[in-house]
2 protein chains.
Amino acid sequence: MIGILGGGQLGRMLALSGYPLGLQFRVLDTSGDAPAGHMAGLVWGAYEDKEILNSFASGLDSVTYEFENVPVGAARYLEGRLPVFPPSRALEVSQDRLFEKQLFQKLGIPTAPFAPVESKAELTDALHKLGAPSILKTRRGGYDGKGQLVIKNLKDAAHAWHALGGVPLILEGFVNFHRELSILAVRSKSGPCAFYPLAENHHREGILRLSLAPAPRWTKELQTQAVSLAKKVLNELQYVGVLAIELFETSAPKGKTGSVLVANEMAPRVHNSGHWSIEGAQTSQFENHLRAGLGWPLGSCEARGQAAMVNLIGNFPELPASFEFPNAHWHLYGKAPRAGRKIGHVTLCETSVKDREQALKGLYKALEMPDPRA
Amino acid sequence: MIGILGGGQLGRMLALSGYPLGLQFRVLDTSGDAPAGHMAGLVWGAYEDKEILNSFASGLDSVTYEFENVPVGAARYLEGRLPVFPPSRALEVSQDRLFEKQLFQKLGIPTAPFAPVESKAELTDALHKLGAPSILKTRRGGYDGKGQLVIKNLKDAAHAWHALGGVPLILEGFVNFHRELSILAVRSKSGPCAFYPLAENHHREGILRLSLAPAPRWTKELQTQAVSLAKKVLNELQYVGVLAIELFETSAPKGKTGSVLVANEMAPRVHNSGHWSIEGAQTSQFENHLRAGLGWPLGSCEARGQAAMVNLIGNFPELPASFEFPNAHWHLYGKAPRAGRKIGHVTLCETSVKDREQALKGLYKALEMPDPRA
């Protein structure tokens, strides 16, 4: 039996993809109504509670986690008892934007210029160094665009310091990018790695709205760049499982042609920008995450046609009961609707980029949803 | 919440396909270790026990079943309390080979010649009428080739009567067919119907071994014939859910070209010859069965490439842990291995018939399994 720290939609989709492999699951969550608890045994309690961790771990073969804010201490404690994947060091690095950037830098992976900020004076210094606009972010705990502010001038700086100061911060220089991409990489406990085709991602209000995979205008050259940088991270961390790296596509320096991929951040887990793989790839990210953790041969990451994944955020009418959309793959998470909350997603799988665009247009119309690219 | 009578692999795959739609499940099974009980609430008891049925039904929105030997009385009892799909009349007809054949005959659907047999004298009469070879079958309770014997001569007849007599029997005339096909049809509670492309099926020892979908040499003309006869059954029974009809492809009568499809038997449920649809069609038979029962718009039955579904029967080494086969979609049912038992299946999805054949050849080799067509 596999244990999952966190019983949200990612844990839910891990379990749903693992049952056909003959696996069984138990989840630990702070909520008694966690989405993964509908189809797996649920232990309800705090991640820091050793008694809870002991009863959760009892009889498990291995443990994984579905969100990166799992307390590192909990992962370490469990690592002392049984195999935990991804390794707790990946968790530690990805929980701190400074550590993350330093890792990218160490591995020669292009990243935005950055400086740690612990005081108002350090913020002023960093701004002089990196220039404006820059983005001030909390080093820990931010997600979906929370805990960050753009600084365009000194007045913004004072405001941002007032809003965010008091916890460790990082100032990141501005990256002039064409678009956001992500690479989903997977490394098995037994060594082999595999990589999904790059996805193109579109956010609004800091929340992922749409992923297109393979990314429009996908090239072998872009894929090779992404695979190469992801490999460095996988190897450095002796990683096991799925790792997501968010990337910016930027212009090559003057005098060179093509694009340069700049790493933005990483998540040591299955990732929203990989949900398309359930129907859009030969093997889903969820299945491959489990195979990796068990040391099984990985499944093919090859795309099956052209997929579009649309997040359902907030409140919706009865889905899919009230929608005539024969090619839509609905994924509802069993969560109560709430503004800004990811309650599900829909994946479309078409055979050409043109068909994908047309189907997507129809879906947005049916759902009365704006295209985030418009 | 949806209740499922029977907690075998079909119930398991129904639940797994329904969770992403935001549905929840409870199963009733006579075994405390039923495969669907790993991911859904399990009520453990006899289908005939009204107290058990009451506690099973409490709080459910509707009920379906996953095997056709559910006692009709149990389905009827539940029908008095809440919506049950498919209708109990479909269950009644499909549980009796004579009723089934009579239904096909009434609807003008080609079927093997047949005669009811209740005595040794009736068997002799029937043999004179239908000729040899014929097949003597129990009217009720047979599956996977059990409860039937081929009669080639009068000596066989005596033996067959000795082996099977004492319960209501049916003698079926021999059908000279090229191959076995099946059509999976689905009718929604709200009326609309949809049809999967014909699958070609290969049995050994009376057990399904391999389904190819769409069937090799699929033609629009064959599909139209199959859809037309399936529609008649759906309408006659005011059917709701997925219905499988097994067909023989036979030569057209002298002087005509093409093929004639002859109905063999039907199953008022999701069916082994439709498992390919999980990865091989836009919407799986399991999802469409649930959509149909809820009156939701049906998903597309369109094929996604060329699928092959290989049943895993009996005993196997650790799957998929020990097999490097990146394009294989494994489905294990969580059942203990036993000779002749369906413990899982593997689906391959390729883009051409040629690739499908090649992948299949590789899979049979890896699994050290004979090709049932060889």
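Things to note:
- Evaluated over the Cα positions of segment B:214-256, the convex hull gives a direction-averaged projected area, one quarter of its surface, of 4.1 nm².
- Nearest-0.05 FRET efficiency for A:Ala366 and A:Lys120, computed from C-beta distance (R0 56 Å): 0.65
- Rg to Rh, two decimals, where chain B supplies the alpha carbon set and Rh follows Kirkwood: 0.96
- Dipole magnitude of segment B:2-84, debye to nearest 20 (Cβ charges: Lys/Arg +1, Asp/Glu -1, about Cα centre): 180 debye
- Springs join every pair of Cα atoms under 10 Å in this Gaussian network model of chain B, and among B:Glu350, B:Glu66, B:Glu236 the largest mean-square fluctuation is at B:Glu236.
- With R₀ set to 25 Å, the beta-carbon distance separating B:Arg373 from B:Ser352 gives a calculated FRET efficiency near 0.85.
- Computed from label points 7 Å out along Cα-Cβ, the spacing between A:Lys129 and B:Thr30 is 7.5 nm.
- Set against the 2.2 N^0.38 Å expectation for a compact globular protein, segment A:105-213 has a Cα radius of gyration ratio of 1.27.
- Net charge of the neighbourhood of A:Glu221, taken over other residues with C-beta under 14 Å away and scored Lys/Arg +1, Asp/Glu -1, is +2.
- Dividing the convex hull volume of the alpha carbon atoms of segment A:113-173 by its residue count gives 68 Å³ per residue.
- Of the listed residues A:Val84, B:Val260, the order by accessible area with a 1.4 Å probe, largest first, is B:Val260, A:Val84.
- 26 Å tail of the calculated P(r), segment A:11-153, as % of Cα pairs: 41 percent
- Distance between modelled label sites at B:Asp61 and A:Lys146, nm, 7 Å Cα→Cβ extension: 3.0 nm
- Distance between modelled label sites at B:Ala163 and B:Ser190, nm, 7 Å Cα→Cβ extension: 5.0 nm
- 1.4 Å probe accessible area per residue over chain A, in Å²: 40 Å²
- Two-decimal log10 I(q)/I(0) for segment B:81-148, as the Debye equation yields it once each C-alpha is a single scatterer, q = 0.25 Å⁻¹: -1.24
- With all protein chains modelled, accessible area of A:Arg26 [1.4 Å, Å²]: 50 Å²
- The solvent-accessible area of B:Ser55, taken with every protein chain present and a 1.4 Å probe, is close to 70 Å².
- Efficiency of FRET from Cβ geometry, A:His203 and A:Ala46, R₀ 25 Å, rounded to 0.05: 0.20
- Rounded to the nearest 10 Å², the accessible area of B:Thr138 at probe 1.4 Å: 20 Å²
- Relative contact order of segment A:266-374, pairs being alpha-carbon contacts under 8 Å that are 6 or more residues apart, as %: 23 percent
- D (Stokes-Einstein, µm²/s), Kirkwood Cα radius, segment B:179-367, 0.890 mPa s at 25 °C: 143 µm²/s
- In sequence order, calculated HN-Hα J values of segment B:9-26 (Karplus, 6.51, -1.76, 1.60; Hz; x Gly/Pro): 5, 5, x, 4, 6, 4, 4, 4, 7, x, 4, x, 8, x, 8, 10, 9, 9
- Across the accessible surface of chain A, with the other protein chains kept in place and a 1.4 Å probe, carbon and sulfur atoms take up 52 percent.
- B:Tyr77, B:Tyr65, reordered so the largest accessible area comes first (probe 1.4 Å): B:Tyr77, B:Tyr65
- Along segment A:323-333 the Karplus relation, 6.51 cos²θ - 1.76 cosθ + 1.60 evaluated at θ = phi - 60°, assigns HN-Hα couplings of 10, 8, 8, x, 9, 7, 9, 8, 9, 9, 9 Hz to successive residues, with x for each Gly and Pro.
- 10 Å binning of all Cα-Cα separations within the protein assembly as shown, expressed as whole percents from 0 upward: 3, 13, 22, 24, 17, 10, 6, 3, 1, 0, 0
- Placing unit charges on each Cβ (+1 for Lys and Arg, -1 for Asp and Glu) gives segment A:179-367 a dipole about its Cα centre, and among A:Gly258, A:Ile207, A:His345 the Cα reaching farthest toward its positive end belongs to A:Gly258.
- Solvent exposure ordering (accessible area, 1.4 Å, most first) of B:Lys50, B:Lys231: B:Lys50, B:Lys231
- Other residues within the sphere of radius under 14 Å centred on the Cβ of B:Lys365, judged by their own Cβ, net out at -3 (K and R +1, D and E -1).
- CD proxy at 222 nm, helix term only [per DSSP H run n ≥ 4: -39500 (n - 2.57); per residue of chain B; nearest 500]: -8500 deg cm²/dmol
- Pairs of alpha carbons in segment A:2-84 whose separation is greater than 22 Å (percent): 13 percent
- Residues in segment A:307-317 carry Karplus couplings, in order, of 9, 10, 10, 10, 6, 9, 10, x, 10, 9, x Hz; the curve used is 6.51 cos²θ - 1.76 cosθ + 1.60 with θ = phi - 60°, and Gly or Pro positions show x.
The values are calculated or read from the model by the stated rules, or taken from the named source; none is laboratory data. Predicted model, so just to flag it, every value in this text is computed and none were measured. Neighbour counts run over all protein chains shown; Cβ positions are idealised from the backbone, glycine included. Accessible surface is based on the protein model in full, side chains and every heavy atom, while ligands, DNA and RNA are left aside. Shrake-Rupley method; radii C 1.70, N 1.55, O 1.52, S 1.80 Å.
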